[in-house]
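What follows is one structure encoded as structure tokens, with my remarks underneath.
The values are calculated or read from the model by the stated rules, or taken from the named source; none is laboratory data. These figures come from a predicted structure and were not determined experimentally. Every residue, glycine as well, gets a Cβ built from its backbone with ideal geometry; the counts of neighbours run over all protein chains shown.
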Amino acid sequence: MTAADIVDLSHPVRHGMVTYPGLPGPEVTTQMSREESRTRYADGVEFHIGRISMVANTGTYLDAPFHRYSDGADTSGVALDRVVDVEGVVVRTKETGEVGPEAIDRAAVAGKAVLFHTGWDAHWGTGRYFSDTHPFLGRAAAELLVELEPAVVGIDSVNIDSMTDRSRPAHSLLLEQGIPIVEHLHHLDKLPTSGFRFFAPPLAVVGLGTCSVRAFGVVDRDGAPHATPKTR
């Protein structure tokens, strides 16, 4: 056995937070309070039952093909081997503007989770996060990824496409080929370029094209003694 680091790659979901401009924030409320529960159970026993109402595009989330195509797989139809225990690679790239195909190592991405680290997550919670200068994949980069057939593609930005490009080429090309997309990733700087496994399974909801995920990476430390995984 080897020691492993678990790197949390998700933004926490908080009441009222804004993930994407124009979409409402989540409402996190109480369905049954602890005080109410005390009338239903034995002395000293209490529970809290919460309620959350939110759009599917909240926090760190996965886009399934159905998000773009009416006949595509919904989140219940995404193959788990695309988003669970997948060998990953991180593509380090510039913080602003278009990411081109030259950033992608052709030999390194087939069948893997390809995560684009731009550092844009540093602006999460600020107005700049929604700026048109955010990093995104250009059409040529998306076309190359389709050719190379990764398992899943992710980015730590507000959108994998330019928000000014209404044709949404990266979404259109990747999802057409059944390649899920994970947006609003976090802490990709804490992952190595390779040598980790990626996890981002969505809830299996019929008729839903997007779903929040608790994405994380597990980094193997070869040769180290076994230890309990540590969350960063």
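Tell me, yes or no, whether the range 209-221 has at least one residue that is in contact with a helix residue (DSSP H, G or I) (Cβ under 7 Å, 6 or more places away or on another chain), within 25 Å of Ala107 (Cα to Cα) and of a type in the set (Asp, Glu). No, the range 209-221 contains no residue that is in contact with a helix residue (DSSP H, G or I) (Cβ under 7 Å, 6 or more places away or on another chain), within 25 Å of Ala107 (Cα to Cα) and of a type in the set (Asp, Glu). The single residue among Leu174, Leu185, Leu203 that is touching a Ser or Thr at 6+ places or on another chain (Cβ under 9 Å) and surrounded by 23 or more Cβ atoms within 10 Å (Cβ to Cβ) turns out to be Leu185.
Per the listing Ser162, Ser194, Ser212, Ser167, the residue uniquely surrounded by 15 or more Cβ atoms within 10 Å (Cβ to Cβ), at pLDDT 95 or above and over 21 Å from Glu95 (Cβ atoms) is Ser212.
Pull out all pairs, ordered by first then second residue, where Cβ-Cβ is under 7 Å, the residues are six or more apart or on different chains, the first lies in the range 172-187 and is more than 25 Å from Val13 (Cα to Cα), and the second is of a type in the set (D, E, K, R) and part of a helix (DSSP H, G or I). Note: pairs meeting the criteria are Leu173/Glu143. Counting only strands (runs of 3 or more DSSP E) wholly contained in the range 1-106, the ones carrying 3 or more residues that are surrounded by 14 or more Cβ atoms within 10 Å (Cβ to Cβ) occupy 3-8, 61-63, 86-92.
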